[in-house]
Amino acid sequence: MADVLVVVDHVEGAVRKPTLEVVTLARRLGSPVALALGAGARGTAEVLGAHGVERVLVNEGGEFADFSVVPRVDAVAAAVEAVSPVAVLFVSSGENKEIAARVALRVGSGVIVDAVDVEPGGEGGPVVVQSVFAAAFTTRSRVTRGVPVITVKPNSAPVEPVAGAGAVEEFPVAFGDVSRVARVVERTARVSSGRPELTEAAIVVSGGRGLGSGEGFALIEGLADALGAAVGASRAAVDAGWYPHAHQVGQTGKSVSPQLYIASGISGAIQHRAGMQTSKTIVVINKDPEAPIFDLADYGVVGDLHTVVPQLTDEINTHKG
């Protein structure tokens, strides 16, 4: 069976859920071989093996933390040469898309980003499914030269455990002088809200201009906490200074694809729709029945969010209790 290279997202050995989703997709194409880089990489093997990964190539070199993305490009390109995979799969993120593009250039291949599905394509290589033009179209495409390099949106596939060997192999990487040009000189820890990461969350609750003020986001946070959800915001709310840019959902913010997306006080401008249209179930709360976002809704509530959201939160907390 052909090998499929999966680049692992982990934090000191703790594998992030989107990587396990990508492993599930990789098993459709062949036998997953994982590449884990940086501190704690060896600690990923047990979880990866429990999800069907046969081999885990690890390198815990300090270069991956001390320098910018180029050392990771070196490592992935070296792994492509060593493994000769039928495809290279990443989780879609800003950093990973930059690495994927550099790797594709390095190995003379094509790159496809923000896939929502990957299918076997026979001798022509895997077929990649994307949701494009603000999710107005679904495309099916393939890379025509070299090893396909593909990034996959979080929440695009289920996590399906299956036994694999998970055998750890040390993977040496030769770093060039260019890899050490841009050094990381300072890090600032992000203050944790205790909520899930926005791009990885199964449930996202977002607020927009209809909240009326930054204080209105207390309603959104209350509902999010009742559901164990992440908090999102529209561009209008972020531009008004009501909520941090890190929570902006949309074309100039983050793309999300949760199982449940609740939009409160958001009109549905194309910029916002581009970042959330692939959500599995969309619930809209808006007092304007003509708001464009209702075109996307699986369920809609026409009403004042300042009344509806607290009632919804209370009802959820009652059922939880």
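Taking the stated definitions as given, is residue 12 under 15 Å from the mean Cα position of the chain (by Cα) and not aliphatic (A, V, I, L, M)? It is false that residue 12 is under 15 Å from the mean Cα position of the chain (by Cα) and not aliphatic (A, V, I, L, M).
Restricting attention to segment 208-236, the residues being among the small types (Gly, Ala, Ser), free of Cβ contacts under 8 Å to residues at least 60 places away in the same chain and under 23 Å from residue 133 (Cα atoms) number 4. Determine if segment 106-128 includes at least one residue that is in contact with a strand residue (DSSP E or B) (Cβ under 7 Å, 6 or more places away or on another chain) and part of a helix (DSSP H, G or I). Looking for residues that are in contact with a strand residue (DSSP E or B) (Cβ under 7 Å, 6 or more places away or on another chain) and part of a helix (DSSP H, G or I), one finds none in segment 106-128, hence no.
For (1) more than 21 Å from residue 136 (Cα to Cα); (2) charged (D, E, K, R); (3) crowded, with 17+ Cβ neighbours inside 10 Å; (4) in contact with a strand residue (DSSP E or B) (Cβ under 8 Å, 6 or more places away or on another chain), each residue gets a yes or a no:
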position: 210; (1), (2), (3), (4): yes, no, yes, yes
position: 231; (1), (2), (3), (4): yes, no, yes, yes
position: 240; (1), (2), (3), (4): yes, no, no, no
position: 254; (1), (2), (3), (4): no, yes, yes, yes
position: 262; (1), (2), (3), (4): no, no, yes, yes
position: 274; (1), (2), (3), (4): no, no, yes, no
position: 283; (1), (2), (3), (4): no, no, yes, yes
position: 317; (1), (2), (3), (4): yes, no, no, no
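In this entry, residue 168 passes the filter for residues that are more than 18 Å from the chain's Cα centre (by Cα) and assigned to a strand (DSSP E or B).
When the criteria are applied in full, residue 26 fails the requirement of being under 21 Å from residue 105 (Cα atoms), in contact (Cβ under 8 Å) with a residue 60 or more places away in the chain and surrounded by 22 or more Cβ atoms within 10 Å (Cβ to Cβ).
Checked against (1) part of a loop (DSSP other than H, G, I, E, B); (2) within 24 Å of residue 168 (Cβ to Cβ), residue 25 passes all but a single condition, namely (1). For segment 298-321, a residue qualifies if it is touching a residue at least 24 places away in the same chain (Cβ under 8 Å) and over 12 Å from residue 264 (Cβ atoms), and the qualifying residues are 316, 317, 320. When segment 171-217 is limited to residues that are of a type in the set (Phe, Trp, Tyr) and part of a loop (DSSP other than H, G, I, E, B), the one that is modelled with the highest pLDDT turns out to be 171. Taken residue by residue, segment 55-63 has no member that is of a type in the set (Asp, Glu), in a helix (DSSP H, G or I) and within 24 Å of residue 201 (Cβ to Cβ). Restricting 131, 84, 141 to residues that are surrounded by fewer than 17 Cβ atoms within 10 Å (Cβ to Cβ), assigned by TED's automatic domain parsing to the domain that holds residue 18, in contact (Cβ under 8 Å) with a residue 60 or more places away in the chain and of a type in the set (S, T, N, Q) narrows the list to 84.
The values are calculated or read from the model by the stated rules, or taken from the named source; none is laboratory data. Predicted model, so just to flag it, every value in this text is computed and none were measured. Every residue, glycine as well, gets a Cβ built from its backbone with ideal geometry; the counts of neighbours run over all protein chains shown.
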